[in-house]
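> Before I ask anything, let me first share the structure, which is written out below as structure tokens.
Values quoted throughout were computed directly from the atomic coordinates according to the rules given, and no laboratory measurement underlies them. Values in this document were obtained by computation on a predicted structure and should not be read as measured data. Because the Cβ atoms are built from the backbone with ideal geometry, glycine has one as well, and the counts that use them run over all protein chains shown.
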Amino acid sequence: MADCIFCKIANGEISGGVVKKTPEFVAFRDIKPMAPTHVLVVPLAHVSAAREAKGEVGQRMLGGLLAFATQVATELGLDAGGYRIVTNTGRDGGQSVDHLHLHVLGGRAMGWPPG
């Protein structure tokens, strides 16, 4: 999508603090981190939210995205202390960019409930 900031980061049109990239996914640092480590993990293909990843292709994308997020967490050294993976969907869910993404947060203890 031409005006999507995450698409522009994924395609290398703008710098985004990329920490890992594959042919399907990219992980980059959040510009407003909520934890010492806060990385966004997105598919290169534009999908507006988790609810839009439908059918067999959507299931493969969601599974691959989660697997990629855990690889990123491991490579960032978060396994020992633990981490949180979150996705927000829709305005009331806290989604501010209409491109499916996972937040990987770590480097400190997480509270509950999160909201």
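> Could you check Phe28 against (1) in contact with a Phe, Trp or Tyr (Cβ under 9 Å, 6 or more places away or on another chain); (2) over 22 Å from Met110 (Cα atoms); (3) free of Cβ contacts under 8 Å to residues at least 24 places away in the same chain and say which number it fails?
Failing condition for Phe28: (2).
> Next question, about the same structure. Taking only segment 18-37 into account, find how many residues are in a strand (DSSP E or B) and surrounded by fewer than 17 Cβ atoms within 10 Å (Cβ to Cβ).
So the count comes out to 4.
> Which one is surrounded by the fewest Cβ atoms within 10 Å (Cβ to Cβ), of the residues in segment 61-99 that are over 22 Å from Ala49 (Cβ atoms) and polar (S, T, N, Q)?
Thr74
> Look at Ala80 and say whether it is over 21 Å from Gly17 (Cα atoms) and either touching a residue at least 40 places away in the same chain (Cβ under 8 Å) or assigned to a loop (DSSP other than H, G, I, E, B) (or both).
Judged against the criteria, Ala80 is a match.
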